[in-house]
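The values are calculated or read from the model by the stated rules, or taken from the named source; none is laboratory data. Here the structure is a predicted model, which is why all the values come from computation and not from measurement. With ideal geometry, Cβ positions are generated from the backbone for all residues, glycine too; neighbour counts draw on all protein chains shown. All accessible areas refer to the heavy atoms of the entire protein, side chains included, with ligands and DNA or RNA removed. Shrake-Rupley method; radii C 1.70, N 1.55, O 1.52, S 1.80 Å.
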Amino acid sequence: MTGPELSRAMPAGRAELSLAVPAGDSEPGGGIEPAAAPVTVRALVARGSGAELRVERVRLPAPGPGEVRVTIRAAGVCHSDLSMVNGTIAARFPLVLGHEATGVIAETGPGSSLAVGTPVVLNWAPACRACWWCRRGEPWLCADTTAPTVPRGETDDGVPLHLTLGLGALAEAVVVPERAVIPVPAGLPPERAALLGCAVLTGVGAVRNTARVAPGESVAVVGLGGVGLAVLTAARRAGATTILAIDVAEAKRELALAAGATDFLLSDDRLSKEVRARTEGRGVDHAFECVGRAATIRAAWRLTRRGGAVIVVGMGAKDDMVSLGALDIFHSARTLRSSVYGSSDPDREVPALAAELSDGVLDLRVLVSGTISLDEAPMAFDRLARGEGARWVVTLS
């Protein structure tokens with residue numbers, strides 16, 4: 001146990017766990033171990049789509065074979081969590097929110113190779129390493145992809161619980177498979193290390209792996225949340241010379257320029273002309289759509305030069321259809337593709353990003369709008385829905 005809110009507890013109204021006795025034996029023996037009790041933690045829970053978010057006590061199972069319990073130190077509030085709540089992504093409830101976090105191994109199950117006390121970043125899309133996609137070097141497309149919500153544990157009143165992307169990281173602790181955690185160096189600032197597992201890996205990977213932005217190229221980034229700002233930071237480090245940040249909110253201007261944009265543009269009817277005026281009439285080499293809506297995907301398409309690339313980073317709704325003219329597709333010779341989890345291998349790239357953060361090469365301060373307590377997390381979701389700030393990070397002691 002690492003804190004006053006983390007405790008072993010039995011479900012209310014249930015008999016205490018007892019040692020199982022094999023048939024014919026009068027008492028425990030033969031090396032049989034007592035069943036481990038569940039762990040009670042505080043977590044941010046959604047009881048239904050559109051329901052009020054509340055911090056509740058929930059029960060998680062003890063780590064089983066190949067599993068670990070992680071005490072959470074910091075967790076980001078990501079737009080994908082909001083999509084679970086507002087119905088954009090189909091979810092099952094009650095649901096513990098959160099999937100972007102860092103923490104420390106507090107307990108290991110049988111067969112785990114990790115040591116208690118190891119600092120880790122959570123990985124919401126652990127690869128199986130055995131399917132066709134994994135074997136050909138595309139673990140971000142793993143056939144064993146984590147479902148949007150995964151059943152595990154129960155609420156304090158005994159209702160079966162679900163976890164966002166198998167993690168439910170906006171909580172004091174999580175119990176997850178060992179392959180869903182990635183060891184990182186000790187001493188990283190938790191509020192920044194937490195972002196490595198989603199916003200940073202997604203944004204940086206979109207630039208480095210999917211688009212492969214080269215020095216001297218031009219970039220537009222549509223949507224300036226945490227991921228969009230990470231794209232700006234990575235584009236600057238890749239050597240892009242024209243980096244246009246685009247959003248509907250003027251309040252994002254200073255954030256965008258601090259993250260590496262060479263200019264900020266409001267998304268309005270003049271946007272295409274403004275972009276072409278800054279790119280010798282051509283449009284940008286790479287347009288990154290970081291919103292996940294058909295309208296912004298079409299906008300990114302119009303901002304891109306002939307032969308350029310549109311990278312869809314935002315995750316949208318399945319019924320939000322994108323319409324493009326067949327002649328336009330042929331004549332423009334543009335490429336339209338998505339960047340799933342930054343087209344990255346988290347087991348390899350998160351440690352590399354962590355080393356860059358530790359060395360001061362990767363500066364993530366602009367991505368953190370502020371740190372808040374778990375009890376303040378519902379307010380962060382309200383701010384996220386209004387498009388305020390970049391990443392709000394919940395910190396836990």
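Looking across the range 366-393, the residues that are open to solvent by 60 Å² or more (accessible area, probe 1.4 Å) and assigned to a helix (DSSP H, G or I) come down to Asp375, Glu376, Met379, Asp382, Arg383, Ala385. Cβ contacts < 6 Å: first residue closer than 14 Å to Val231 by Cα, restricted to the range 335-352; second residue modelled with pLDDT under 95 and open to solvent by less than 30 Å² (accessible area, probe 1.4 Å), any location; separation 6+ or different chain. Result? Sorted first by the residue in the range 335-352, then by its partner, the pairs are Tyr341/Ala125. Within the range 353-365, the only residue that satisfies the criterion of being without any contact (Cβ under 8 Å) to a residue 60 or more places away in the chain and surrounded by 15 or more Cβ atoms within 10 Å (Cβ to Cβ) is Glu356. Looking at the range 290-304 only, could you name the residues that are free of Cβ contacts under 8 Å to residues at least 40 places away in the same chain and more than 19 Å from Asp319 (Cα to Cα)? Trp301, Arg302 - these are the residues of the range 290-304 that are free of Cβ contacts under 8 Å to residues at least 40 places away in the same chain and more than 19 Å from Asp319 (Cα to Cα). Counting only strands (runs of 3 or more DSSP E) that sit completely within the range 1-81, those holding 3 or more residues that are open to solvent by 20 Å² or more (accessible area, probe 1.4 Å) and either at pLDDT 50 or above or closer than 24 Å to Glu178 by Cβ (or both) correspond to 54-60. Taken over the range 272-287, residues that are part of a helix (DSSP H, G or I) and not β-branched (Val, Ile, Thr) amount to 5.
Among the residues of the range 199-230, those that are within 17 Å of Ala125 (Cα to Cα), open to solvent by less than 10 Å² (accessible area, probe 1.4 Å) and touching a Phe, Trp or Tyr at 6+ places or on another chain (Cβ under 9 Å) comprise Leu201, Gly203, Gly205, Ala206. In summary, Ala90 fulfils each of the numbered conditions (1) buried (at least 16 other Cβ atoms within 10 Å of the Cβ); (2) not in a strand (DSSP E or B) with the single exception of condition (1). State yes or no: is Ile329 more than 30 Å from Arg135 (Cβ to Cβ), open to solvent by less than 30 Å² (accessible area, probe 1.4 Å) and among the aliphatic types (A, V, I, L, M)? Against the criterion (more than 30 Å from Arg135 (Cβ to Cβ), open to solvent by less than 30 Å² (accessible area, probe 1.4 Å) and among the aliphatic types (A, V, I, L, M)), Ile329 does not qualify.
Is it the case that Leu165 is open to solvent by 10 Å² or more (accessible area, probe 1.4 Å), closer than 22 Å to Gly205 by Cα and in contact (Cβ under 8 Å) with a residue 24 or more places away in the chain? Criteria met by Leu165. Take Ala193 and tell me if it is in a helix (DSSP H, G or I), small (Gly, Ala, Ser) and over 23 Å from Gly308 (Cα atoms). Taking the combined requirement at face value, the residue satisfies it. Summed over the range 231-271, residues that are in a loop (DSSP other than H, G, I, E, B), out of contact with any Leu (no Cβ under 9 Å at 6 or more places or on another chain) and surrounded by 23 or more Cβ atoms within 10 Å (Cβ to Cβ) total 1. Residues in the range 174-198 that are closer than 16 Å to Gly342 by Cα and open to solvent by 40 Å² or more (accessible area, probe 1.4 Å): there are none. Of all residues in the range 305-326, those being farther than 23 Å from Ala90 by Cβ, open to solvent by 80 Å² or more (accessible area, probe 1.4 Å) and in a loop (DSSP other than H, G, I, E, B) number 1.
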